[in-house]
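A short write-up of the structure that comes next.
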Amino acid sequence: MKSIWTLALVMLAIAGFAAEDTRELVLFPFGQGAAVQPAEDFNVDAETLNALYAQLKQIPNLYVLRFRETSPSVRRAIEENRVRRDRLTPPFNEREADGSWRAARVGALLGVNLAFAGRIEEFSYNPTTREAVVTISGDLIDVQSGEVLISVAETGRGRLGSDQTDPNIARIAAVSQAAEKIGAAVRTRLAPPTEQPTKIEEKKQPDRKRERAAVSLFILVLGAVLGGAQF
């Protein structure tokens, strides 16, 4: 029995060690600009959120969740008058009267590290050229500090092939292209590529925190092995 409890502690330690660098990001619904042309059979808001969510969740050490007003922490904040219901609608990348970002304030209620909020600036389909165009702007905000880590505005285009007739094919392609560009910009900001050193760098000091964590993990594993052998 002792060895079982030791193994359980080992698993918890491993999980905590692996999640040490993981950050959480909330993706807010988008507002719409005046240049958005509505389409009866195409929900540009939902398609944009889906496409961007698919891009952001591929970023290493980043857990992405979609904002929902029905989440327990948000409902509790409304009941306790810590947030007004009219502050839970887009656009979220606007400043409040006290200068704080709305996305950061709501993100703090959810306990996340980062927030991404923006607006669909334009969206159209030209039946003559058979081309769809969408432009999406947004801000990546550090929830704790309120700092804007990156502001982006990307345009996507999609055109029907000669044998295609459904405009939604072009619309989806345009949204996907814009989302891919935004995802790449966010990835570069949060997980920049490793650069090759151009000169001899000074030897880095050892990370004592990680060394202590590794030693503790080794001791737990050793205890589990010895306990299992005695059992």
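The values are calculated or read from the model by the stated rules, or taken from the named source; none is laboratory data. If you're wondering where the values come from, they're calculated on a predicted model, not measured in any experiment. Here the Cβ is made from the backbone with ideal geometry for all residues, glycine too, and neighbour counts use every protein chain on show.
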| query | Can Leu190 be described as surrounded by 10 or more Cβ atoms within 10 Å (Cβ to Cβ), under 21 Å from Asp21 (Cβ atoms), among the hydrophobic types (A, V, I, L, M, F, W, C) and modelled with pLDDT of 95 or more? | reply | no
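Tally the residues that are surrounded by fewer than 21 Cβ atoms within 10 Å (Cβ to Cβ) and either in a strand (DSSP E or B) or among the aliphatic types (A, V, I, L, M) (or both), restricting the search to region 140-154.
Of the residues in region 140-154, the ones surrounded by fewer than 21 Cβ atoms within 10 Å (Cβ to Cβ) are 142, 144-154.
Imposing the further condition that a residue be either in a strand (DSSP E or B) or among the aliphatic types (A, V, I, L, M) (or both) reduces the set to 142, 148-154.
Here the count works out to 8.
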| Are any residues in region 83-124 more than 30 Å from Arg157 (Cα to Cα) and among the hydrophobic types (A, V, I, L, M, F, W, C), and if so, which ones? | Val83, Leu88, Ala97, Trp101, Ala104, Val106, Ala108, Leu109, Leu110, Val112
| remark: Taking first residues from region 32-43 that are in contact (Cβ under 8 Å) with a residue 40 or more places away in the chain and second residues anywhere that are among the aliphatic types (A, V, I, L, M), the pairs with Cβ under 7 Å that are 6 or more apart or on different chains are Gln32/Ile120; Gly33/Ile120; Val36/Val44; Val36/Ile120
| remark: Within region 59-117, of all residues that are closer than 24 Å to Ala46 by Cβ and basic (Lys, Arg), the one surrounded by the fewest Cβ atoms within 10 Å (Cβ to Cβ) is Arg85
| request: Mind listing just one residue for me: the one in region 38-55 that is within 21 Å of Ser151 (Cβ to Cβ) and either in contact with a helix residue (DSSP H, G or I) (Cβ under 6 Å, 6 or more places away or on another chain) or among the hydroxyl-bearing types (Ser, Thr, Tyr) (or both) and, of those, surrounded by the fewest Cβ atoms within 10 Å (Cβ to Cβ)? | output: Tyr53
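Among the residues of region 35-46, is there at least one that is in a helix (DSSP H, G or I), over 26 Å from Pro192 (Cβ atoms) and at pLDDT below 90?
Pass one, region 35-46, residues in a helix (DSSP H, G or I): 44-46.
Then drop every residue that is not over 26 Å from Pro192 (Cβ atoms), which leaves 44-46.
Narrowing the set further to residues that are at pLDDT below 90 leaves none.
No, the conditions are met nowhere in region 35-46.
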| How many of the residues making up region 78-106 are touching a strand residue (DSSP E or B) at 6+ places or on another chain (Cβ under 6 Å) and under 16 Å from Leu49 (Cβ atoms)? | 5
| query | Of these, Asp166, Asp207, which one is farther than 21 Å from Leu62 by Cα, among the acidic types (Asp, Glu), more than 16 Å from the chain's Cα centre (by Cα) and modelled with pLDDT of 95 or more? | reply | Asp166
| query | Looking at Arg157, Arg105, Arg76, which one is part of a strand (DSSP E or B) and of a type in the set (Lys, Arg)? | reply | Arg157
| message | It is to be established whether one or more residues within region 148-161 are polar (S, T, N, Q), over 19 Å from Gln32 (Cα atoms) and at pLDDT 95 or above. | response | no
| Do we find a residue being assigned to a strand (DSSP E or B), surrounded by fewer than 18 Cβ atoms within 10 Å (Cβ to Cβ) and touching a residue at least 60 places away in the same chain (Cβ under 8 Å) anywhere in region 162-179? | no
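Collect the residues in region 123-134 that are surrounded by fewer than 17 Cβ atoms within 10 Å (Cβ to Cβ) and in a strand (DSSP E or B), keeping them in residue-number order.
Our first condition is that a residue be surrounded by fewer than 17 Cβ atoms within 10 Å (Cβ to Cβ); within region 123-134, this holds for 124, 126-129.
Hits for region 123-134 are Ser124, Asn126.
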